[in-house]
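What follows is a single structure, and I will ask about it in a moment.
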Amino acid sequence: MKTWLTLALCAVACQTGSAQAASDVADRVYQHGNIETQNDRRTRAEAIAIKDGVFLAVGSDQAISGYIGPSTEVVDLQGKTVMPGLIDAHGHYVRGFQRELFNCDFPSNTPASAIADRVQACVKNAKPGEWVVGGAWASSYANTGGVNKALLDAVSPDNPVYLLDDTGHNGYVNSKALAAAGFTKEKAREMPAIVTDDQGEPTGILQEDAAGALTRIIPPMSDEKYQAVVKHAVEMANRYGITTFVEARTDRPTIKAYHDVDEQTGLTARVVAFLQYDTDFNESRETQRETVAQRQRYMSKNVDANNAKFYLDGVPPAFTAALLNPYQTEALHEHHLPDDFRGHLRMTPEAVRKDAIALDRHGITLKFHAAGDAAVREALDALEAVRQANPDGHLHHSIAHVGMASPQDLARFKALDVTADIAPPIWIEGPYSDTMTEVIGKARYARTPPTAELLKAGATIAYGSDWPSIAASINPWPSLASMVHRDIGPEQSIPLQAAVDTMTRGGAWSVNQSAEIGSIEPGKSADMIVIDRDPLAIPVEDIAKTQVLSTVFRGKTVYQRDE
């Protein structure tokens, strides 16, 4: 099939430069390109030599020609731009693609009235009594009463329904599901996360631990389906130029599927799995701790399971993010909450610090979910305790979301070597942004997160899609553009080169793999992409349209776009 590549085998190595030892003859050479190396000096090159899945040499066409031998494959880039393989430092790929492939999927901008129609169609394809699972509905609907169990009951009286929201923290269910979970009026009095009406009856909206408790009774997918999701996830990552991605909350079936597929056929991207730890989602705390303890059994060539994820708080739209100052007064009144309500931490500071110190001591990289500024501060306090207890520790830990971080805390990121893991979709205008403005106000939302301030403070920043939470897809290119021109909080926009760094060098640093990925340099893994434009030389508004022409992982082409 015809492609944009022009390939030729070179059989005249002795005529193209100084003679090379056999060990210096490349398997493949790319010539005549615009190569953004992302090395320390951000230099550009024309050509690359690859051998045994590693960059052998990077430089001018003339210099690299000396690495061409009789069996070297030579690729003419025809002036195309090359970048390192991109790194998504925070995503939920299995959850998202599971929904697309096997669940009742719909976008978060689906009108509340249309969600029931979508569920009705899914129920028709389900077996009697079978769970109908899907999403994602807009979390803002929960504040209006526009979604409630009656709407789902009307279209699914006999099948239990569970729909996840756009934040990944809250659920929407019908009466059948409430009954299956034992979520009665009496249970709701014990568990405030079961949202109730004025009469104390569950409405069908579940927050945080209530949503997590319900998901634990939903029958899991088969191993075969999990593996199908994993294969599709990696394929889609390659299509967008992603060669390394983080599974930011990984349960046991997910890590097992990644490991098994990698062992059987080999993954075409690195997966850095942060195992969910001591939280109240879809597994018991005992199971989570056991998986972390047994993490080595899930390690493979392309799967790193030596990581753990803490959830310090929830999300602002559900009033479960932990803030230093109260939520907006009007929003508190509307939800019958006290004027001084600030949310709360999901874990006690003592427990967080004790566990963080122990995990770091065992060589486990930590990521903290912190959507509110109080949670950000607690994460930094915990990591300060880690540095003091384990002064010889070398791991780069990270804080995800960094919601409205206090100016007083920004310098601590560099001082403690903590990466700020940011998700650009959070500041793109839409239903979610309207709710954020209502609950925390424009000023605080504009600093969610304070990207420019973090950069000025010397923090390392890593890009994360957080897909399918809020984000429409794993496509990183619109996010790259949005970092330079933010919709919400434009004063927190950052320079384009710094934005590119978050997707390459910053991501590599955040997962402790800077020696192997994040730039195109001799000795590093040959992960690279060929794209149809140079993002550093075009108007910002055109960056979002970038198309990946070819993705190379460990020296092998794993995706190639037809002309």
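Could you give the length gained on full extension between Thr348 and Glu516, defined as 0.36 nm per residue of separation minus the Cα-Cα distance, in nm?
56.8 nm
What is the dipole size for region 323-394, taken about its Cα centre, with +1 at each Lys and Arg Cβ and -1 at each Asp and Glu Cβ, in debye to the nearest 20?
About 380 debye.
Which of the peptides 492-498, 462-468, 538-544, 150-156 is most tightly packed, and how do the rest follow, going by the mean number of other Cβ atoms within 10 Å of each residue?
462-468, 150-156, 492-498, 538-544
How big is the antiparallel share of DSSP beta bridges in the chain, given as a percent to the nearest 5? Can you show the working numbers first?
On the way: 37 of 79 bridges.
Around 45 percent of the beta bridges assigned by DSSP in the chain are antiparallel ones.
In addition: Straight distance only, please: which lysines reach the Cα of Lys187 with their own Cα at less than 25 Å, same-chain residues fewer than 8 apart left out?
Straight-line reach from Lys187, under 25 Å: Lys149, Lys176.
Sticking with this one: What is the gain in length, in nm to one decimal, between Asp434 and Arg189 on full extension, counting 0.36 nm per residue of separation less the C-alpha to C-alpha distance?
Once the chain is fully extended between Asp434 and Arg189, it gains 85.2 nm.
Accessible area per residue of the chain at 1.4 Å probe, in Å²?
Ligands and nucleic acids excluded, the result is 39 Å² per residue.
Can I ask one more? Quick one: of the DSSP bridges fully inside region 130-251, what percent are antiparallel, nearest 5?
60
Still on this structure, please answer the following. Taking the Cα centre of each part, how many Å lie between region 365-410 and region 490-563?
The two parts, judged by their Cα centres, are 27 Å apart.
Here's something else I'd like to know. Helix 349-361 versus the longest principal axis of the chain: what angle, 0 to 90°, nearest 10, using Cα atoms?
Value to nearest ten degrees: 30.
Here's a follow-up. Using a Förster distance of 22 Å, how high is the FRET efficiency between Ile538 and Asp487, based on the Cβ-Cβ distance and rounded to 0.05?
So the FRET efficiency works out to roughly 0.65.
Please sort 335-348, 308-321 by packing, taking for each peptide the average over its residues of neighbouring beta carbons within 10 angstrom, highest first.
Working: 335-348: 14.5, 308-321: 26.6.
Highest-to-lowest ranking by the protection proxy: 308-321, 335-348.
Roughly speaking, to the nearest percent, how much of the chain's 1.4 Å accessible area is carbon and sulfur?
In the chain, the share of accessible area belonging to carbon and sulfur is 51 percent.
Moving on. Under a straight-distance cross-link criterion of Cα-Cα below 15 Å, which aspartates and glutamates are reachable from Lys124, leaving out those fewer than 8 residues away in the same chain?
Answer for Lys124, where 15 Å is the Cα cut-off: Asp105, Asp153, Asp158, listed by chain and number.
By how many degrees, between 0 and 90 and to the nearest 10, does the Cα long axis of helix 373-389 differ from the longest principal axis of the chain?
Result, in degrees: 60.
While we're here: If you average the C-alpha positions of region 123-164 and of region 418-470 separately, how far apart do those two centres end up, in angstrom?
29
Sticking with this one: Sorted by packing (mean other beta-carbon atoms within 10 Å per residue), highest first, where do 445-451, 424-430 land?
Ranking, from highest mean packing down: 445-451, 424-430.
Now, a different point. Under 15 Å from the Cα of Lys556, which aspartates and glutamates turn up, not counting those fewer than eight places away in the same chain?
Within the straight-line cut-off, Lys556 pairs with Asp27, Asp52, Glu73, Glu235, Asp527.
Go ahead and run the numbers for FRET between Met299 and Asp340, Cβ-Cβ distance against an R0 of 30 Å, rounding to 0.05.
Numbers: r = 47 Å, r/R0 = 1.56.
With R0 = 30 Å, the Cβ-Cβ based efficiency is 0.05.
Let me ask you something else. Taking the Cα centre of region 182-231 as origin, work out the dipole magnitude from +1 charges on Lys and Arg Cβ and -1 charges on Asp and Glu Cβ, in debye rounded to 20.
220
By the scheme Lys and Arg +1, Asp and Glu -1, what is the net charge of all other residues having a beta-carbon under 12 Å from that of Pro128?
Every neighbour counted, the sum reads +1.
Then there's this: By the scheme Lys and Arg +1, Asp and Glu -1, what is the net charge of all other residues having a beta-carbon under 12 Å from that of Gly363?
That sum, taken over residues with Cβ under 12 Å, equals -1.
Follow-up. Simple spin-label model, 7 Å along Cα-to-Cβ: Gln547 to Gln62 in nm?
Computed distance between label sites Gln547 and Gln62 equals 3.5 nm.
Summing -39500 (n - 2.57) over the DSSP H runs of n ≥ 4 in the chain and dividing by its residue number, what mean residue ellipticity at 222 nm do you reach, to the nearest 500 deg cm²/dmol?
Calculated mean residue ellipticity at 222 nm is -9500 deg cm²/dmol.
Under a Cβ-Cβ cut-off of 14 Å, what is the net charge of the residues other than Arg289 that fall near it, where Lys and Arg count +1 and Asp and Glu count -1?
Around Arg289, the surrounding residues sum to -2.
Let me ask another. Hey, which of these cross-link pairs are over 19 Å Cα-Cα: Lys301/Lys414; Lys231/Lys256; Lys225/Lys256?
Table pairs above 19 Å Cα-Cα are Lys301/Lys414.
Follow-up question, since we're still on this one. Per residue, what volume in Å³ does the convex hull of the Cα atoms of region 355-462 enclose?
About 94 Å³ per residue, rounded to a whole number.
The values are calculated or read from the model by the stated rules, or taken from the named source; none is laboratory data. All values reported here derive from a predicted model rather than from experimental measurement. A quick note on method: Cβ atoms are made from the backbone with ideal geometry, for glycine too, and the neighbour counts reach across all protein chains shown. Only protein heavy atoms, including side chains, enter the accessible area calculation; ligands, DNA and RNA are left aside. Shrake-Rupley method; radii C 1.70, N 1.55, O 1.52, S 1.80 Å.
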